[in-house]
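One structure, pasted below without further comment.
The values are calculated or read from the model by the stated rules, or taken from the named source; none is laboratory data. The shown structure was predicted, so the numbers you read here are calculated from the model rather than taken from an experiment. Counting neighbours? That spans all protein chains shown, and the Cβs are built from the backbone with ideal geometry, glycine included. These accessible areas exclude ligands, DNA and RNA; they are computed on the full protein's heavy atoms, side chains included. Shrake-Rupley method; radii C 1.70, N 1.55, O 1.52, S 1.80 Å.
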Amino acid sequence: MLSKTVCQALSDQVTKEIGSSYLYLQMAAWLEAQALKGFAAWMRIQAQEEVAHGMILFNFLLDRGAMAELGAIPKPEAVYASPLQVFERALAHEQGITESINTIMDAAIKDRDFATQRRLDWFISEQVEEEANPTEIIAKIKLLGDGQSLFLLDKELGLRTFVMPPPLAAATAAP
Ligand code: OFO
């Protein structure tokens, strides 16, 4: 049985994951307004992934017989100075999400809640990628500068496709 603390922390994390989706959707809107359709497409997929992350935790709470109590999602920042700033903000956001997942893991360890620890293991690995992606894009933007070559990166980012995270794919697979 989930403790009250872990249950609340997981519910809050569902809100944060959906909030991440909301933030990335807003970033996609700004990028598309700058005619950077590839960057925007990348962000749209990121937004989709975040909904999937939220659903993994939501399903987990319900599977454990807990009541998920969702919170309010803050309004995301709508205007950015440059694509570089967008990805710097995305990286800072992901670092905060990593911290949040680590805090829940701490609580689950204190509770000897092994099932939650197993579920969070996936998120801990995922956060390595969540930080690596914007870090790599920031490096490429800095390398290429603001000029024409940004359009090459725009093309590259536009190739990203959505991959359903395995824990959610397993839960939604046909019987
Ligand atoms: Fe769900 O990892 Fe990003 O926020």
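Any residue in region 32-60 that's of a type in the set (Gly, Ala, Ser) and modelled with pLDDT under 95: show its pairings with residues that are within 14 Å of the ligand (Cβ to nearest atom) and not in a helix (DSSP H, G or I) at Cβ separation under 6 Å, as long as the two are six or more apart or on different chains.
Every condition considered, no pair remains.
If Gly158 satisfies all but one of (1) open to solvent by less than 40 Å² (accessible area, probe 1.4 Å); (2) more than 18 Å from Arg44 (Cα to Cα), what's the number of the condition it fails?
(2)
Do any helices (runs of 4 or more DSSP H) lying entirely in region 50-162 carry at least 1 residues that are more than 13 Å from the ligand (Cβ to nearest atom), aliphatic (A, V, I, L, M) and closer than 26 Å to Ser3 by Cα, and which ones are they?
Working: elements: 83-110, 114-144, 149-157.
Correct list: 83-110, 114-144.
Scan region 15-27 and report the pairs whose first residue is part of a helix (DSSP H, G or I) and whose second residue is near the ligand (Cβ under 8 Å from one of its atoms) and open to solvent by less than 30 Å² (accessible area, probe 1.4 Å), with Cβ atoms within less than 6 Å and a gap of 6+ or a chain change.
These pairs meet every condition: Glu17/Glu50; Glu17/His53; Glu17/Gly54; Ile18/Gly54; Ser20/Glu50; Ser21/Glu50; Tyr24/Gln46.
Working only within region 1-25, note down all residues that are open to solvent by 50 Å² or more (accessible area, probe 1.4 Å) and away from the ligand (no atom under 12 Å from the Cβ).
Matches in region 1-25: Met1, Lys4, Thr5, Gln8, Asp12, Leu25.
Yes or no: region 68-76 includes at least one residue that is touching a Ser or Thr at 6+ places or on another chain (Cβ under 7 Å), farther than 22 Å from Pro167 by Cα and at pLDDT 95 or above.
yes
Here is a check on your reading of the model: is Pro83 over 12 Å from the mean Cα position of the chain (by Cα), closer than 30 Å to Asp146 by Cα, open to solvent by 10 Å² or more (accessible area, probe 1.4 Å) and in contact (Cβ under 8 Å) with a residue 40 or more places away in the chain?
Numbers: over 12 Å from the mean Cα position of the chain (by Cα): yes; closer than 30 Å to Asp146 by Cα: yes; open to solvent by 10 Å² or more (accessible area, probe 1.4 Å): yes; in contact (Cβ under 8 Å) with a residue 40 or more places away in the chain: yes.
Yes.
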